[in-house]
Each structure stands twice: as C-alpha cells, then as structure tokens.
Amino acid sequence: MRISQKLQAQIRQHAESAFPSEACGVLVRTVQGRAYVPCRNAATTVAEHFVIAQESWCAAEDQGPVLAVVHSHPNGSARPSQADRVSCELHERPWAIVAWPGGAIEWLQPSGYVAPLLGRDFTHGVLDCYTLVRDWYAREWEVSLPDYPRHDLWWEEKNGPSLYELHFAEAGFVEVESPQRGDVLVMMVGRTYHPNHAAIYLGEDGSLASEPTQSLGGQGPFFIHHLYGRSSTRNIYGPEWAMRTRLILRHRESKP
C-alpha cells in the first residue's frame, strides 16, 4: 500500500513519541481521504507487544473503514515477525511496521501464511501454548477448537479464572487417566495459581503428519509444546513433565 509522505511522517512521529514502547494505530478512509489514527496500546508488556485497545479501534471505525493496521518495532527492524504475519492474516488487512529509531517502514500483505508447529516464536495470545494446541488439532486432525480471550499473565491472578479448567469441557474434552496420541496435557509451570501450560502428547514416535520431521530414534514418548518466551519444541515426556501435569484431556473427536 502506498501512502503519502504526510501520513508516513505522522506514523514516524507516533513511533517516536511512544518509544521505547510499541506504538500502534490504524489507517482509515474518511470523507476527506486517508487518515492515520493513533491508538492506545493495551498490551501487558508494551515494550515488546501491542494490542489495540477496543475503545481506540471503535473510535477509529467511527471515522471510517479501517484500511490497515500500523505498529512500531522499538530498537528493531521493520521486518515482520511471525506474530505479525499470523496477525496480519487474522485481520485480513495490510499491516505497516515502522522501525524506531530509524523510521524505515515496511508493508505486509495477507498471503495465506501459517506459522510452523515447531520453532515458532512466542507472543502471548497470538503464538502461545494454546495457539499451538489449536493449530495442531486443525492441521493434524482437521478439528477446530474454539479460541478464548486471554490476557498475559492471567495465571498469576490468585482470584482470577482458571481458564483451562473452566473451558475444557465446552471445547469438547474429557479428563482421562493416561495419555494417548493427541491428548492435551495441562500443566503448572513457573509462578502460577492455576494450570497455565498446555501441550500435545505425541506418543512413542513423536511424528507430525503436517510437517516433515527427522527420525527421533524411538526414545519417546514425546510431546510438543510452546513455553512462555521460547520457541515451540518437541520434547520427551519424562518424569519432570509428568510431575507438572494436572490434567490429561481427550477430545471427543480423538483419532487414536
């Protein structure tokens, strides 16, 4: 998408004023033409992520249709991250990324991108442990799981909802005693009041039908998961992980 020098200057000015936090905003079409609307970043960690506040999005839409999403990368390049590419697909709109300092702007268009199951970057709510569970079920078994709103660090709220325990039944899961391929392992990892981590039990061979994989040498059982702040990976489901497991969940459409 091509935009005027005036709009580019406004985007860079917003990135500078928000630095070292991420700036975010939208381009809208008004009766006077295209306009840039700065928005409030409602992310928990504004220096690393952005979430456009709902009231900001609604206020922007009052001015006209949203044409594109804009955000900055503080102390980084304008190159899109995996989370940017995934979110661009979800929004079905172009994205503009501005690097600050520097001011380089790069555009990203929806193109059908999907993140790999293994080696994906972590961004809570976009590419996290539950996203991996949903993507595994969609790609490996063609089963669609519901998504749920979740803010970062919800598990550290003592009196807050325990999201996995609250929603697993309505998502089509029942609790079982021992795992088989495709079961969800719900664990407690790190500082937490609630089970806060979900993984997929893969069984002895650890294979992924939707992605090529090297031989794993029969050292299983394996599971795939995405820890907070790390890349998604496949590991052996040994005693240290079994001790963290609080629920073993099987979907009604399981395919053993």
* Over the range 5-108, what relative contact order in percent results from Cα pairs under 8 Å that are six or more residues apart? -> 26 percent
* Structure fact -> Residue separation between Ala42 and Cys58 times 0.36 nm, minus their alpha-carbon distance, gives in nm 4.4 nm
* To do: Would you mind ranking Leu90, Leu117 by Cβ crowding within 10 Å, fewest neighbours first?
  => Leu90, Leu117
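Residues with beta-carbon under 14 Å from that of Tyr237, excluding Tyr237: net charge, scoring Lys, Arg +1 and Asp, Glu -1? Write down the numbers at each step before the final one.
On the way: positive: Arg181, Arg234, Arg244; negative: Asp183, Glu204, Asp205, Glu240.
Net charge around Tyr237: -1.
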* To do: Specify the angular offset, from 0 to 90 degrees and rounded to the nearest 10, of the alpha carbon long axis of helix 129-140 from the longest principal axis of the alpha carbons in the chain.
  => 70 degrees
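Please identify every one of the trypsin sites (Lys or Arg not before Pro) in the range 1-57 that sits in a loop by DSSP and has no more than 14 other beta carbons within 10 Å of its own beta carbon. Present the calculation step by step, with values, prior to reporting the outcome.
Values: sites: Arg2, Lys6, Arg12, Arg29, Arg34, Arg40; in loops: Arg2, Arg40.
Counting only loop positions with at most 14 other Cβ atoms within 10 Å, the trypsin sites (Lys or Arg not before Pro) in the range 1-57 are Arg2.
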* What is the helix-to-structure angle for 54-63, meaning the angle in degrees between its Cα long axis and the longest Cα principal axis of the chain, kept from 0 to 90 and rounded to the nearest 10? -> 40 degrees
* Asked: What trypsin sites (Lys or Arg not before Pro) in the range 136-213 are in a loop by DSSP, with at most 11 other Cβ atoms within 10 Å of the Cβ?
  -> Lys158, Arg191
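Can you list the equivalent-ellipsoid semi-axes of the range 5-108, largest first and in whole Å, using the square root of 5 times each Cα gyration tensor eigenvalue? It would help to have the intermediate numbers written out before the result.
On the way: eigenvalues 74, 45, 36 Å².
So the equivalent ellipsoid measures 19, 15, 14 Å along its semi-axes.
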* Structure fact -> Inter-part gap, Cα centre of the range 118-175 to Cα centre of the range 178-247, in whole angstrom, is 14 Å
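Hey, what's the Kirkwood Rh for the chain if you take every pair of different alpha carbons, in angstrom? It would help to have the intermediate numbers written out before the result.
Numbers: mean 1/r = 0.0501 Å⁻¹.
Over the chain, the inverse of the mean reciprocal pair distance is 20.0 Å.
Loop-only check: which GluC sites (Glu not before Pro) in the range 187-256 are DSSP coil with at most 16 other Cβ within 10 angstrom?
Values: sites: Glu204, Glu240, Glu253; in loops: Glu204, Glu253.
Those that pass, being in a loop and sparsely packed, are Glu204, Glu253.
If contacts are Cα pairs under 8 angstrom and at least 6 residues apart, what is the relative contact order of the chain in percent?
Details: 490 pairs, mean separation 37.3, N = 256.
Relative contact order for the chain comes out at 15 percent.
So, counting K/R as plus one and D/E as minus one, what does the shell of residues with Cβ under 13 Å around Gly206 add up to?
On the way: positive: Arg181, Arg234; negative: Glu140, Glu204, Asp205, Glu211.
Charge balance in the 13 Å sphere: -2.
Report the equivalent ellipsoid semi-axes for the range 129-251 in whole Å, largest first, defined as the square roots of five times the eigenvalues of the gyration tensor built from alpha carbon atoms.
Gyration-tensor ellipsoid for the range 129-251: 23, 16, 14 Å.
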* Taking Cα atoms, how many degrees apart are the long axis of helix 82-91 and the longest axis of the chain, rounded to 10 and kept between 0 and 90? -> 70 degrees
* To do: Go through 66-72, 22-28 and give me the packing order, highest mean Cβ count within 10 Å leading.
  => 22-28, 66-72
* To do: Would you mind counting up the charge near Val51? Only other residues with Cβ under 11 Å from its Cβ, with Lys and Arg at +1 and Asp and Glu at -1.
  => -1
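Read the figures in this text as sums done on the coordinates, not as results from a lab. Bear in mind the structure is a predicted one, so any value in this text is a computation, not a measurement. Cβ: placed from backbone, ideal geometry, glycine included. Neighbour counts: every protein chain shown.
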